[in-house]
Amino acid sequence: MMLLDRDGARADEWHRTAVAAAASDRHALVEFAELPEALATISIGQPLGVVIPNTVTAAELAPHLPRLALVAIGFPAFSDGRGFSLAKALRREGFAGALRASGPLIPDQFAYALACGFDEIELPDTSAARQSVSQWLAAKTHLPATYQRGYRRDGNIMEARRQARADKAPS
C-alpha cells in the first residue's frame, strides 16, 4: 500500500491490528465493528484509528470522534463517491483528526479529496503501480478553482465572481 498526502508519498505510522493488540500498539488502527471494544481496552490519550466502510454515517461515528486520531474511510471503487460526502460530514461534526481515503482512487480525484477534508490517501498496490507520485501531485493543481467550497480551500468560483462584481460597482 502506498500512502500519499498533499506533499507526496510518506511512511505509514498506523498499524491495522486486532483489538487484543491495540492496547500495546502506539498507533493502532481497528475495524469499525471492533471500535467499542478497542475504546474500552486502550488507555485515554493513546492514539487510536478506525477503518470504516463508506456506508457508516457521521452520526454513528460522532460519539467516538473525540477519542479518535484517524478515521480511514473505505472506497470500494473509484466510482463510489460516498466517502467524499462522509468526509465532509465528519469535518462538519468537528472531527479534527486525520482523515484517510483508502481504496482505488485515481489522481483526478486528489484535489477533490483534499477539498472534502481528507489528509491522505492509501492506495492499493495495483493502483499505486499505475500512477506515479508525480502524477498525483500534478493532478492536485489541475483544478485551481471549483464551484464547491472546500474544507481546506479558500473561496470558490461563485465567491470570486461576487467579489469581482463588488469591486466594479460604483462607490
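Each value in this text was obtained by applying a stated rule to the coordinates, not by laboratory testing. Quick caveat: nothing in here was measured; it's all calculated off a predicted structure. Cβ: placed from backbone, ideal geometry, glycine included. Neighbour counts: every protein chain shown.
In table form, for the structure just shown:
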{"read-out": "Options A96, Y112, A77, ranked by Cα towards positive dipole end of the chain, top entry (Cβ charges)", "value": "Y112"}
{"read-out": "Cβ-placed point charges (K, R +1; D, E -1), dipole of region 2-168 about Cα centre in debye, nearest 20", "value": "880 debye"}
{"read-out": "Efficiency of FRET from Cβ geometry, A40 and D5, R₀ 25 Å, rounded to 0.05", "value": "0.20"}
{"read-out": "Amide H contacts under 5 Å for G97, placed H, 5+ residues apart", "value": "none"}
{"read-out": "Peptide ranges 52-62, 157-167, 111-121 listed from the most packed, as the mean C-beta count within 10 angstrom indicates", "value": "111-121, 52-62, 157-167"}
{"read-out": "Entry for semi-axes √(5λ) of the Cα gyration tensor in Å (calculated from the structure that is shown) out of [x] 57, 19, 12; [y] 48, 16, 15; [z] 32, 20, 13", "value": "[z]"}
{"read-out": "Neighbour cut-off at most 15 other Cβ (10 Å), DSSP loop, chymotrypsin sites (Phe, Trp or Tyr not before Pro), region 30-107", "value": "F78"}
{"read-out": "Least to most buried among R26, R10, R100, R91 (fewest other Cβ within 10 Å first)", "value": "R26, R10, R91, R100"}
{"read-out": "Dipole axis of region 2-168 (+1 Lys, Arg; -1 Asp, Glu on Cβ), positive-most option in L137, P124, I44", "value": "L137"}
